[in-house]
Protein chains: 2
Amino acid sequence: MPAFDPDERDRGWTYRTLTSIVVPRPIGWISTTSTDGVDNLAPYSFFNVATTDPPTVLFSPGRRSYAEDGRTDTARNARATGEFVVNLVTGAFAEAMNESSATLDPGESEFDHAGLERAASTVVSPPRVAGVAAAMECEIREIQRIGAHELVLGEVVRFHLADRLLTDDDRVDVTEVDAVGRLASSWYDWTEDRFEMERPD
Amino acid sequence: MPAFDPDERDRGWTYRTLTSIVVPRPIGWISTTSTDGVDNLAPYSFFNVATTDPPTVLFSPGRRSYAEDGRTDTARNARATGEFVVNLVTGAFAEAMNESSATLDPGESEFDHAGLERAASTVVSPPRVAGVAAAMECEIREIQRIGAHELVLGEVVRFHLADRLLTDDDRVDVTEVDAVGRLASSWYDWTEDRFEMERPD
């Protein structure tokens, strides 16, 4: 099996390789509000659970050479306000999620660009995407620079969960979650092609 | 849509909810070697790319009340040696990956328990799983405590990529990567149910 030293490869190769073998990645569809009141929305797949206690998620926006401060709108807004909302991308929202990844002027909202309605959050200021199956309101606990990215850690202060995901005792039934996963380049995957393996003792 | 305050729910509910809506998660099947020379292997799905430059991945092992130092074998070995290897879990290795999640005595190797062969690494000491489609040799750059977990950041110092994944110019073709994704409880998903969406300008 061929071995590759990343020091001998360019950044494009490294990006392509990492995003192709660290798959499937969950998509954090993240809404933030700028200090000017513009609601931003963008998908991030360098996203996961950081810890379950206290419930904390992380995402890692890349540095952007075209921005004066080197940040995406999401990273800038999150840093400035300390708040973000993670929206779940299920099949019905795949197209809108993709639309929201267009590069817009910071003054233009991806909610409006993608034709999405806002739903008010309970604790934080950024709105949720109306109609999504789940959303998490988050307060930022830490931001740290990691190479060409910034690692943002946010504690979940409110979960919004659609009735259709819930069992009678208010737990999520994962087989009802038709999430979209991120692969590489223009590829995504559905999570409905599931299988079970019982964990050994 | 019902809203839930995690402060009013128990840890089991929070764990179940996060792992059910942050999906699909990539699986880092992580090999480490203890200071006593025992090769450990275990799957982690709180795993993702941290940054692509320098190529860096992260994973977040949970604290373990049954261990004297509160750490999983993987976390203990990674901390002690500064090294780990991430092995890609494709369809052919799904069962073995599940076997390797059994709770064994620290002196027993999951390689042997799951009947897996070792392949020598190039730069680091922990072995790769022989026959996997991709592996990343990593050197630890940082470990930090985050609530009930520890966030481990490792820089990739060597990529191993099977010929079957590669295009003629040595780039990974993601449609050849039949990775297994993690959902919740006993559920996993295949990534072969793919679709394409071109990113807008």
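Here is how the numbers come out for the structure above:
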{"quantity": "Formal net charge of residues neighbouring B:G70 (Cβ-Cβ distance under 11 Å; K, R +1; D, E -1)", "calculated": "+2"}
{"quantity": "Cβ-vector label at 7 Å, B:R164, separations to other copies in nm", "calculated": "3.7"}
{"quantity": "Solvent-accessible surface (1.4 angstrom probe) belonging to B:E198, in square angstrom, nearest 10", "calculated": "130"}
{"quantity": "Inter-chain Cβ neighbour average for residues A:117-125, partner chain, 10 Å", "calculated": "1"}
{"quantity": "Prolate/oblate/rounded label for region A:138-201 (Cα gyration tensor, a/c 1.5)", "calculated": "oblate"}
{"quantity": "Members of region B:20-36 that become less accessible by 30 Å² or more once partner protein chains are added (1.4 angstrom probe, chain alone as reference)", "calculated": "B:S20, B:I21, B:V22, B:V23, B:P24, B:P26"}
{"quantity": "Rule-of-thumb Rg ratio for region A:76-201 [Cα; 2.2 N^0.38 Å; N residues]", "calculated": "1.19"}
{"quantity": "Gyration tensor verdict on region A:37-137 (Cα atoms; rounded if a/c is under 1.5, prolate if a/b is larger than b/c, oblate otherwise)", "calculated": "rounded"}
{"quantity": "Test item: Cα-centred dipole of region B:112-201, Lys/Arg +1 and Asp/Glu -1 on Cβ, debye", "calculated": "520"}
{"quantity": "Per residue, in Å², the accessible surface of chain A once ligands and nucleic acids are set aside, probe 1.4 Å", "calculated": "39"}
{"quantity": "At 7 Å out from Cα toward Cβ: A:A130 inter-copy label distances (nm, ascending)", "calculated": "6.0"}
{"quantity": "Centre separation in Å (Cα based) which lies between region B:6-25 and region B:65-143", "calculated": "26"}
{"quantity": "Region A:1-85: C-alpha gyration tensor shape, a/c 1.5 cut-off, then a/b vs b/c", "calculated": "oblate"}
{"quantity": "Accessible-area composition of the protein assembly as shown, carbon plus sulfur, in percent [1.4 Å probe]", "calculated": "40"}
{"quantity": "Value of [θ]222 nm, deg cm²/dmol, for chain B, DSSP H segments ≥ 4, -39500 (n - 2.57) each, nearest 500", "calculated": "-4000 deg cm²/dmol"}
{"quantity": "Check: the protein assembly as shown dipole with +1 on Lys, Arg Cβ and -1 on Asp, Glu Cβ, in debye", "calculated": "820"}
{"quantity": "Neighbouring partner chain Cβ atoms per residue of A:57-65, average, 10 Å criterion", "calculated": "3"}
{"quantity": "Positive-end extreme of charge dipole, region B:43-182 - chosen from B:V132, B:F84, B:A94 (charges on Cβ)", "calculated": "B:F84"}
{"quantity": "Inter-copy spacing of B:Q144 label points, which lie 7 Å from Cα along Cα→Cβ, given in nm from shortest upward", "calculated": "0.3"}
{"quantity": "Long-range Cα-Cα pairs in region B:86-156 (distance over 20 Å), rounded percent", "calculated": "42"}
{"quantity": "Estimated dipole of region B:35-148 in Debye, rounded to 20 [Cβ of Lys and Arg +1, of Asp and Glu -1, Cα centre]", "calculated": "420"}
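The values are calculated or read from the model by the stated rules, or taken from the named source; none is laboratory data. Just so it is clear, the model here is predicted, and its values are computed rather than measured. Counting neighbours? That spans all protein chains shown, and the Cβs are built from the backbone with ideal geometry, glycine included. Accessible surface is based on the protein model in full, side chains and every heavy atom, while ligands, DNA and RNA are left aside. Shrake-Rupley method; radii C 1.70, N 1.55, O 1.52, S 1.80 Å.
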